[in-house]
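Participant: For reference, the structure I am asking about is given below.
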Amino acid sequence: MTHTLSDGTVLPDVGFGTYPLKGEDGVAAVVSALEVGYRYLDTAVNYENETEVGQALQRSGLPREDVLLATKIPGRFHEQGLALQSLRDSAARLGVERIDVGLIHWPNPSREKYVQAWRALVQAQAEGLVTHIGVSNFTAAHLDRIIDETGVTPALNQIELHPRFAQAEMRAANAERGILTQAWSPLGKREAPFDESAVRAAAERLEVTPAQVLLRWHLQVGSMPLPKSATPERQLSNLDVSTFELTAAEVEAISALSRPDGRLFDGDPDTHEEM
Ligand SMILES: NC(=O)c1ccc[n+]([C@@H]2O[C@H](COP(=O)([O-])OP(=O)(O)OC[C@H]3O[C@@H](n4cnc5c(N)ncnc54)[C@H](OP(=O)(O)O)[C@@H]3O)[C@@H](O)[C@H]2O)c1
């Protein structure tokens, strides 16, 4: 079960979230993630750890082309020239010539500049600085605006998605436009529903951990999860989700944990400001 972008590129089942891994411990955690098998690393300018992520890639000894690096343009750099410079600076901090996946971190709609950031990504792709371009935290209206104004559809949209906020409508909106859904906080972070009976029952039946059940749920609803863990054992088990399958009833029972107010914080893309 893999994720395919509209241009045919296949991404790994599960990517690795790198926030808030920083400093020497952060480098070690990302090296460990690469050692246990992750091949897609998610970072952002605002995580202030692109240098660490680049160092980890170096230290792992893996060939550059074996690992996909994704980073994000912050709100303060949405103006087109600043956005392009942000991508160049990210590449420099990561220590690479080319960013594999470039995203707009949040739309910050009150600032009215996300279309400019999107134009910068389109330009960066044309110049070969970024291979795949996408967005994060975009609603259907934000997606339609950038598509209408530029004629270019994002390859993926990274959104808050976990069983307590299952985003069925947004997943459908992405799919209708040929956009891959990626999930941030895929376990639900501190609100992870590990003890919910729907999760426990599936974990017991399959003899896997509750976290593995949740990550498998993502794959079966068509979402690419980006779990973060600083712990090598958890990193490994979070990646090991392709050898078992949830029943349709189990997927439904886990999806039923979703609530309209299930966001982890007040991260409504229409109002959240993240600069
Ligand atoms: N685009 C955006 O706006 C946005 C926003 C938020 C996050 N993100 C991205 O999404 C990534 C993941 O999100 P997140 O870190 O907020 O949430 P998460 O991955 O759902 O949860 C991470 C937490 O779960 C724990 N954990 C991981 N695996 C576990 C397991 N098998 N059993 C028990 N606990 C486990 C981790 O602790 P240990 O480390 O101690 O294992 C950590 O405390 C971030 O790193 C970042 O890359 C993007």
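The values are calculated or read from the model by the stated rules, or taken from the named source; none is laboratory data. Predicted model, so just to flag it, every value in this text is computed and none were measured. For neighbour counting, all protein chains shown are included, and Cβ atoms are generated from backbone atoms with ideal geometry for every residue, glycine included. Protein only, heavy atoms only, side chains kept; ligands, DNA and RNA dropped before computing areas. Shrake-Rupley method; radii C 1.70, N 1.55, O 1.52, S 1.80 Å.
Participant: Please state which one of 91, 56, 70, 83 is under 20 Å from the mean Cα position of the chain (by Cα), farther than 19 Å from residue 182 by Cβ and within 15 Å of the ligand (Cβ to nearest atom).
Facilitator: On the way: 91 fails: within 15 Å of the ligand (Cβ to nearest atom); 70 fails: farther than 19 Å from residue 182 by Cβ; 83 fails: within 15 Å of the ligand (Cβ to nearest atom).
Of 91, 56, 70, 83, the one residue that is under 20 Å from the mean Cα position of the chain (by Cα), farther than 19 Å from residue 182 by Cβ and within 15 Å of the ligand (Cβ to nearest atom) is 56.
Participant: How many residues, within the stretch 241-262, are open to solvent by 30 Å² or more (accessible area, probe 1.4 Å), more than 21 Å from residue 15 (Cβ to Cβ) and not in a helix (DSSP H, G or I)?
Facilitator: 6
Participant: Got at least one residue in the stretch 233-240 being among the aliphatic types (A, V, I, L, M) and open to solvent by less than 30 Å² (accessible area, probe 1.4 Å)?
Facilitator: In the first step, residues of the stretch 233-240 are kept if they are among the aliphatic types (A, V, I, L, M); the result is 236, 239.
Imposing the further condition that a residue be open to solvent by less than 30 Å² (accessible area, probe 1.4 Å) reduces the set to none.
No, there is no match, as no residue in the stretch 233-240 is among the aliphatic types (A, V, I, L, M) and open to solvent by less than 30 Å² (accessible area, probe 1.4 Å).
Participant: Moving on. Identify, by number, the condition in (1) in contact with a helix residue (DSSP H, G or I) (Cβ under 9 Å, 6 or more places away or on another chain); (2) farther than 21 Å from residue 22 by Cα; (3) touching a residue at least 12 places away in the same chain (Cβ under 8 Å) that residue 87 doesn't meet.
Facilitator: Residue 87 satisfies every listed condition except (2).
Participant: Could you tell me how many of the residues in the stretch 19-50 are within 10 Å of the ligand (Cβ to nearest atom), crowded, with 16+ Cβ neighbours inside 10 Å and farther than 19 Å from residue 135 by Cβ? Break it down stepwise before answering.
Facilitator: Here is the first cut: in the stretch 19-50, the ones within 10 Å of the ligand (Cβ to nearest atom) are 19-21, 29, 41-44, 46-47, 49.
Those still in the list that are crowded, with 16+ Cβ neighbours inside 10 Å too: 19, 21, 29, 41-44, 46-47, 49.
Right, trim to farther than 19 Å from residue 135 by Cβ and you get 21, 29, 49.
Of the residues in that region, 3 qualify.
Participant: Within the stretch 202-216, is there a residue that is over 21 Å from residue 36 (Cα atoms), touching a residue at least 60 places away in the same chain (Cβ under 8 Å) and either surrounded by 17 or more Cβ atoms within 10 Å (Cβ to Cβ) or away from the ligand (no atom under 11 Å from the Cβ) (or both)?
Facilitator: no
Participant: Still on this structure, I have one more. How many residues are in a strand (DSSP E or B) and in contact with a Gly (Cβ under 7 Å, 6 or more places away or on another chain) when one looks only at the stretch 159-183? If you could, list the steps in order and put the result at the bottom.
Facilitator: Kept after step one, since they are in a strand (DSSP E or B), are these residues of the stretch 159-183: 159-160, 162, 165, 180-183.
Pick out the ones that are also in contact with a Gly (Cβ under 7 Å, 6 or more places away or on another chain) and you get 160, 162, 165, 181.
Total satisfying the criteria: 4.
Participant: Of all residues in the stretch 107-155, which are more than 16 Å from the ligand (Cβ to nearest atom), assigned to a loop (DSSP other than H, G, I, E, B) and either among the aromatic types (Phe, Trp, Tyr) or touching a residue at least 60 places away in the same chain (Cβ under 8 Å) (or both)?
Facilitator: Matches in the stretch 107-155: 153 only.
Participant: Consider residue 198 carefully, then state whether it is more than 10 Å from the ligand (Cβ to nearest atom), open to solvent by 10 Å² or more (accessible area, probe 1.4 Å) and assigned to a helix (DSSP H, G or I). Lay out the reasoning, then the answer.
Facilitator: Working: more than 10 Å from the ligand (Cβ to nearest atom): yes; open to solvent by 10 Å² or more (accessible area, probe 1.4 Å): yes; assigned to a helix (DSSP H, G or I): yes.
In short, yes.
Participant: I'm trying to understand the selection: among the residues of the stretch 52-81, which are in a helix (DSSP H, G or I), in contact with a Leu (Cβ under 8 Å, 6 or more places away or on another chain), under 15 Å from residue 99 (Cβ atoms) and in contact (Cβ under 8 Å) with a residue 40 or more places away in the chain? Give the steps one after another, and end with the answer.
Facilitator: Filtering the stretch 52-81 for residues in a helix (DSSP H, G or I) gives 52-60, 64-66, 75-77, 80-81.
Checking which are in contact with a Leu (Cβ under 8 Å, 6 or more places away or on another chain) leaves us with 52-54, 56-57, 60, 64, 76.
Right, trim to under 15 Å from residue 99 (Cβ atoms) and you get 53-54, 57, 64.
Across the stretch 52-81, the qualifying residues are 53, 54.
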